[in-house]
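Below is one structure; the comments refer to it alone.
The values are calculated or read from the model by the stated rules, or taken from the named source; none is laboratory data. Fair warning: this is a prediction, and the values are worked out from it, not measured in the lab. For neighbour counting, all protein chains shown are included, and Cβ atoms are generated from backbone atoms with ideal geometry for every residue, glycine included. Note: areas computed on protein heavy atoms with side chains; ligands, DNA, RNA excluded. Shrake-Rupley method; radii C 1.70, N 1.55, O 1.52, S 1.80 Å.
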Amino acid sequence: MSRPENAQPERRLTPRGASTRARIVSAAVELMYVKGVNATTLDDVRAASNTSKSQLYNHFADKEELVRAVVAERSAQVLERERANLERLKSFRGLIRWRDALVRRNALQNGAYGCALGSLAGELADQDEQARVTLAESFAQWQGLLAAGLRRMKENGVLRPDADPERLATGLMAALQGGYLLAETAHDIEPMAVALDLALDHVKSYLTT
């Protein structure tokens with residue numbers, strides 16, 4: 001699983017230690033997504049991961065260190081998913097499939113909780129510089145996957161020569177993140193779908209046929 005460039009290397013662990021650490025991080029990832037970073041306590045994480053205080057502190061010196069591990073793990077998960085969806089993108093139909101997959105996924109919870117990375121950024125960008133940098137790099141990689149797909153579309157003659165893949169990718173990401181936020185606030189997926197559809201209409205205006 002790929003990690004953001006600035007993620008710290010993990011110390012060597014025994015298989016049992018690695019399993020315990022992974023269990024702690026997995027529990028923290030889910031709790032911080034649903035409850036929020038600030039509302040999630042270490043006691044919450046211990047209970048959800050079925051670990052003792054000594055086990056938790058053996059792997060994480062404090063909550064800040066655990067939060068950074070959560071950011072790295074969630075970033076890796078999202079980028080792995082997006083690579084699977086975007087690495088071979090070369091058609092407008094592929095963009096529609098990407099849009100549909102994101103909307104369907106978020107519809108499972110009626111838009112609640114928002115984007116897994118965006119929700120972390122909303123809480124941490126002004127609190128933890130290391131977490132902010134990791135999230136910024138992750139968003140840049142996500143946008144880069146979109147831009148690369150749009151460049152392939154341009155090179156293959158699907159998009160007009162005057163299309164700017166970087167600007168179009170920025171527009172798609174802005175529409176996606178804004179759509180996530182509106183859907184989260186309304187607990188309704190429709191604003192996200194509309195935002196993405198409007199952004200895709202802009203890309204469509206550059207199609208050659």
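Numbers below:
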quantity: Conditions (1) open to solvent by less than 40 Å² (accessible area, probe 1.4 Å); (2) out of contact with any His (no Cβ under 8 Å at 6 or more places or on another chain); number of the one not met by Gln177; calculated: (1)
quantity: All positions within the range 23-55 that are under 18 Å from Gly114 (Cβ atoms) and open to solvent by less than 60 Å² (accessible area, probe 1.4 Å); calculated: Ala28, Val29, Leu31, Met32, Tyr33, Gly36, Val37, Ala39, Thr40
quantity: Residues (among the hydrophobic types (A, V, I, L, M, F, W, C), out of contact with any Leu (no Cβ under 8 Å at 6 or more places or on another chain) and in contact (Cβ under 8 Å) with a residue 60 or more places away in the chain) located in the range 11-67; calculated: Val34
quantity: The range 149-171, subset small (Gly, Ala, Ser) and surrounded by 15 or more Cβ atoms within 10 Å (Cβ to Cβ), residue nearest to Arg81 (Cα to Cα); calculated: Gly149
quantity: Residues of the range 56-72 classified as surrounded by 18 or more Cβ atoms within 10 Å (Cβ to Cβ) and either among the hydrophobic types (A, V, I, L, M, F, W, C) or in contact with a strand residue (DSSP E or B) (Cβ under 9 Å, 6 or more places away or on another chain) (or both), total; calculated: 8
quantity: The range 92-138, residues that are in contact (Cβ under 8 Å) with a residue 40 or more places away in the chain, at negative phi and not in a helix (DSSP H, G or I); calculated: Ala112, Cys115, Asp128
quantity: Qualifying residue in the range 196-207 (condition: aromatic (Phe, Trp, Tyr), in a helix (DSSP H, G or I) and either within 24 Å of Leu89 (Cβ to Cβ) or touching a His at 6+ places or on another chain (Cβ under 6 Å) (or both)); calculated: no
quantity: Filtered residue count, the range 73-103, keeping only those that are in contact with a Lys or Arg (Cβ under 6 Å, 6 or more places away or on another chain) and open to solvent by 10 Å² or more (accessible area, probe 1.4 Å); calculated: 1
quantity: Residue among Ser52, Ser75 that is among the polar types (S, T, N, Q) and within 22 Å of the chain's Cα centre (by Cα); calculated: Ser75
quantity: Enumeration of residues in the range 104-133 that are open to solvent by less than 40 Å² (accessible area, probe 1.4 Å), more than 14 Å from Gly178 (Cα to Cα) and of a type outside the set (A, V, I, L, M); calculated: Asp128
quantity: Leu89 being among the aliphatic types (A, V, I, L, M), in contact with a helix residue (DSSP H, G or I) (Cβ under 9 Å, 6 or more places away or on another chain) and in a loop (DSSP other than H, G, I, E, B); calculated: yes
quantity: Single unsatisfied condition, Ala136 versus (1) open to solvent by 40 Å² or more (accessible area, probe 1.4 Å); (2) over 17 Å from Asp197 (Cα atoms); (3) over 14 Å from the mean Cα position of the chain (by Cα); calculated: (3)
